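The values are calculated or read from the model by the stated rules, or taken from the named source; none is laboratory data. These numbers were taken from a predicted model, which means no experiment stands behind them. Counting neighbours? That spans all protein chains shown, and the Cβs are built from the backbone with ideal geometry, glycine included.
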Amino acid sequence: MHVIKQNKCSHSAIDQNGLQTYDRDIVELIHYTDFKTFLQQQFQSRIAKNSNYSMRAFARDLGIAPPQLSCYLRGKRGLSYVTAEKILDQFKLSSLQKKFLLSSILKEFGRSDKKRGRGNSDLLQYNSSHYHALKDDEFRVVSDWQHLAILTLMELPQFHFDLEWIANQLGIGVETVGLAIGRMLGLKMISLVDGRLQKSASYVSYTVDTSEANQNFHQQVLDKHASAIKGRRTSDRILNSGFISIDESQIGEVRLFIDEFCDAFDQKFSMHANHMNKNSVYSFGIQFCKVCNVTDQAGVNPSEKPSTKKQVG
């Protein structure tokens, strides 16, 4: 499944032997560029579930001193390999996931050039073998929906490199398919080997900004869903829409919940699915948008009032 979020995107692909454990572990770490990012995300996840959760409590749960954790996250001091190992023991991670994160510690804080070089080499091996990162300007080139649809179509066992066949499957023109494939070849997202298209890496990931290209992509997906309301059989679509009243202080928790749902959805129906049983491509989207501007009797938007919560830790 290809999922574009507000600030990150990952495209998962499965080879003919199905998704290996190695691949699953790596894709779950794609969003973490280093050990510090991993810890910051874990901390924010806990705050989203408990707004009173503090840095002191996080340090306690990790088994290290609060000042040590605070200084590391603020970039004031490093972290030893042994301490990093101790911290990771508090999380349910595979041996490969731990090795990936420890390599980032070794690269940054190894006590010798040799150790730092080894950490850097390990990370480069993981990155080059399993995902291809696109820059923002590269994303703009392939932001039209058909590029990601073609990448996903390549996961099907019946896929073959024929422009007319691809065009018929996606309901677009042959020329549009040719141009899309040409762009992805140019960016080395895919390659042509012995007359067959192949992905250059198991996963394609890139940072998505708030550019017009990003907005256009989401609009295109929404348009596809809108056309499916009348243009597709009810058995070929699932639509759930509505309105909900909410405490806006919980938006962080909502984001986390949606992120976790998307990851679970991907793993159950795409990543862990039998590759040879796949026979179609669907678009997938979740929208959660504010539709009103509520004000109190004084004319102040409650979400814009200064917080009265005390900071702990």
> Just checking, how many residues over segment 274-289 are in contact (Cβ under 8 Å) with a residue 24 or more places away in the chain, over 18 Å from the mean Cα position of the chain (by Cα) and outside any helix (DSSP H, G or I)?
Replying inline: 5
> Out of segment 119-140, which residues are modelled with pLDDT of 80 or more and loosely packed, with under 15 Cβ neighbours inside 10 Å?
Replying inline: Asp137
>> Any residue that is crowded, with 18+ Cβ neighbours inside 10 Å, at pLDDT 85 or above and part of a loop (DSSP other than H, G, I, E, B) - is there at least one of those in segment 72-80?
In response: yes
> What tally of residues in segment 211-250 results from selecting those that are touching a residue at least 40 places away in the same chain (Cβ under 8 Å) and of a type in the set (Lys, Arg)?
Replying inline: 1
> Across segment 81-111, what is the number of residues that are closer than 18 Å to Leu62 by Cα and in contact (Cβ under 8 Å) with a residue 60 or more places away in the chain?
Replying inline: 5
>> Can you pull out every residue in segment 161-171 that is surrounded by fewer than 21 Cβ atoms within 10 Å (Cβ to Cβ) and under 21 Å from Ser270 (Cβ atoms)?
In response: Gln169, Leu170
>> Tell me whether segment 251-263 contains one or more residues that are among the aromatic types (Phe, Trp, Tyr), exposed (fewer than 11 other Cβ atoms within 10 Å of the Cβ) and in contact (Cβ under 8 Å) with a residue 12 or more places away in the chain.
In response: no
> Looking at segment 82-95, which of its residues are surrounded by fewer than 15 Cβ atoms within 10 Å (Cβ to Cβ) and not small (Gly, Ala, Ser)?
Replying inline: Val82, Glu85, Lys86, Asp89, Gln90, Phe91, Lys92
> Is it true that some residue in segment 243-256 is at pLDDT below 90, farther than 30 Å from Lys135 by Cβ and within 23 Å of the chain's Cα centre (by Cα)?
Replying inline: yes
